[in-house]
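Each remark here refers to the structure printed beneath this line.
The values are calculated or read from the model by the stated rules, or taken from the named source; none is laboratory data. Here the structure is a predicted model, which means the values were calculated and not measured. Here the Cβ positions follow ideal geometry from the backbone for every residue, glycine too, while neighbour counts run over all protein chains shown.
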Amino acid sequence: MAERDDSHWEGMSASIERGEYTVAGPVELGPAAVTDDATSPPPTTVAELRRLLDHLPPGMPVLVDGCEAAFAAIGAVVITEVVELSGRPSYMGRFEHPADAARAVAGEDAAAWRITEPGPLPQRVGEPVVALVLRREVREVDE
């Protein structure tokens, strides 16, 4: 295995901490980001996830996406910009991409969910932040 060059990830980590890193969209990461092996799957062990986390700022929020019940493996690890919303139904997460958050605050369809519950609309909480998102695997229906 080739020697790992961590300078790119250390530089990105420092840029994020200084507020200089602007996310244009989700940036998908996996062990490939750490091992330079583009065919590597997302992390499946604590050791693989720890190697990835070691390259990110310690204060970066970690979020998960969800869907219904039970557990799933990590399907992707993504760095993306999010904004927190208050006043959301309990079955929805508190964080959205900024564009989806703006639609939710306006009362429009956001992230394929209809805002049907009566009451006040969600409100933004603070400014957008860059977060690490652990996405659940998407798999074909079991036969």
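Reported count of residues in the range 109-143, each being at pLDDT 80 or above and part of a loop (DSSP other than H, G, I, E, B), is 5. Restricting the first member to the range 77-102 and to residues that are within 27 Å of HIS55 (Cβ to Cβ), and the second to residues that are of a type in the set (Lys, Arg) and not in a strand (DSSP E or B), the beta-carbon pairs closer than 7 Å and six or more apart or on different chains are GLU84/ARG94; ARG94/ARG88.
Of all residues in the range 67-93, those that are of a type outside the set (A, V, I, L, M), closer than 28 Å to THR44 by Cβ and at pLDDT 90 or above total 2. Can you say whether LEU63 is part of a helix (DSSP H, G or I), within 18 Å of ARG136 (Cα to Cα) and at pLDDT 65 or above, as far as the supplied structure shows? No: the conditions fail for LEU63. Filtering the range 24-43 for residues that are surrounded by fewer than 12 Cβ atoms within 10 Å (Cβ to Cβ), touching a strand residue (DSSP E or B) at 6+ places or on another chain (Cβ under 8 Å) and at pLDDT below 90 leaves a non-empty set.
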